[in-house]
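Shown next, in structure tokens, is the structure this report addresses.
The values are calculated or read from the model by the stated rules, or taken from the named source; none is laboratory data. The structure presented is a predicted model; accordingly, all values stated were derived computationally and were not measured. Cβ atoms come from the backbone with ideal geometry, glycine included; neighbour counts cover every protein chain shown.
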Amino acid sequence: MIARFKDLCMDAADAHRLGEFWAGILNGELVDTGGGDTRVDPRAAASRAESIWVNTVPEPRAGKTRVHLDLRLAEPEPTGLLAAGARLVREPDAEISWWVLADPEGNQFCAFRPRPGARPGVFELVVESADPLAQATWWAGVVGGRVETTAEDAAAVVGADGFPWDRWVFDPTPERKRVKNRVHWDVDLAGRDGTALVAAGATLLTEPTEASPWWVLADPEGNEFCAFPPRDR
């Protein structure tokens, strides 16, 4: 295992507005991290494993959302999400049994009906993929866990080190990645530097600097992610 899952990051034109939205619907605490950025922390945990960092970026949103969250509702309808500022993109129909919504910055996410015994809130991180099995296998090699497949040709990583939700799903799509993802994830390196990830098949995009002491890389399908040095350094 090369690394452990660290957290999720969202690019935003208005990090405070987007952070307030996600903090509100996830019952999280909004933290101003300075420099125009925010962070959504879970209220009921000492660890920040489920933190979502919201970072201000100058470039406008472009292209389709390829990384999104799946949420389990606490109520039969997404009334609370809409009241909080979400926009309805698609209602359940004969093809899908969930709602597709968009947050205030246009990032789409899915909301599923309540299920007995299932905790409301985020339960999946979903990434569109040209080769889901290859992607899931690659990431399981990086952060551990086992790979599961579905009859719909999706693949998921379950039990990855540090992963805070139930499943990390790679969903088949014919469309190739064309623009930078506005949602990405970070990993903590397990006692190594970013060269171990490059040797495993990642592409190096940016070397660490004094101001930004982490590696920016892309996985085999071009999804950007950041790799941080071990925390004891």
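Output the residues belonging to the range 1-39 that are part of a strand (DSSP E or B), aliphatic (A, V, I, L, M) and over 19 Å from His68 (Cβ atoms). Ala3, Leu30, Val31, listed by residue number.
Taking the condition closer than 29 Å to Ala102 by Cα, crowded, with 21+ Cβ neighbours inside 10 Å, without any contact (Cβ under 8 Å) to a residue 24 or more places away in the chain and touching a Lys or Arg at 6+ places or on another chain (Cβ under 8 Å), does Val157 pass? Spelling it out, Val157 is indeed closer than 29 Å to Ala102 by Cα, crowded, with 21+ Cβ neighbours inside 10 Å, without any contact (Cβ under 8 Å) to a residue 24 or more places away in the chain and touching a Lys or Arg at 6+ places or on another chain (Cβ under 8 Å).
Residues that are farther than 19 Å from Glu224 by Cα, under 20 Å from the mean Cα position of the chain (by Cα) and either assigned to a loop (DSSP other than H, G, I, E, B) or of a type in the set (Phe, Trp, Tyr) (or both) within the range 51-76 comprise just one, Leu73.
Just to be sure before I move on: is Ala83 surrounded by fewer than 17 Cβ atoms within 10 Å (Cβ to Cβ), over 30 Å from Arg146 (Cα atoms) and of a type outside the set (D, E, K, R) in the structure I sent? In short, yes.
Beta carbons closer than 9 Å, at least 6 apart along the sequence or on distinct chains, pair a first residue in the range 22-38 that is closer than 17 Å to Pro58 by Cβ with a second that is aromatic (Phe, Trp, Tyr) for Asp37/Trp53; Thr38/Trp53.
Residue-level analysis places Arg176 outside the set of residues that are of a type outside the set (Val, Ile, Thr), farther than 20 Å from Phe225 by Cα and out of contact with any strand residue (DSSP E or B) (no Cβ under 6 Å at 6 or more places or on another chain).
Looking at Asp32, Asp93, just one residue is touching a helix residue (DSSP H, G or I) at 6+ places or on another chain (Cβ under 9 Å) and surrounded by fewer than 15 Cβ atoms within 10 Å (Cβ to Cβ), and that residue is Asp32. Scanning the range 190-207 for residues that are surrounded by 19 or more Cβ atoms within 10 Å (Cβ to Cβ) and at pLDDT 95 or above, we see that the one that is farthest from Val127 (Cα to Cα) is Leu197. When the range 30-69 is filtered for residues that are at pLDDT 95 or above, farther than 17 Å from Trp185 by Cβ and among the charged types (D, E, K, R), only Asp32 remains.
Candidates are the residues of the range 189-225 that are within 18 Å of Ala136 (Cα to Cα) and in a strand (DSSP E or B); the one that is farthest from the chain's Cα centre (by Cα) is Thr203.
Close Cβ contacts (under 9 Å, 6 or more residues apart or on different chains) running from residues in the range 62-75 that are under 15 Å from Trp168 (Cα atoms) to residues that are surrounded by fewer than 19 Cβ atoms within 10 Å (Cβ to Cβ) and among the hydroxyl-bearing types (Ser, Thr, Tyr) comprise Arg66/Thr173.
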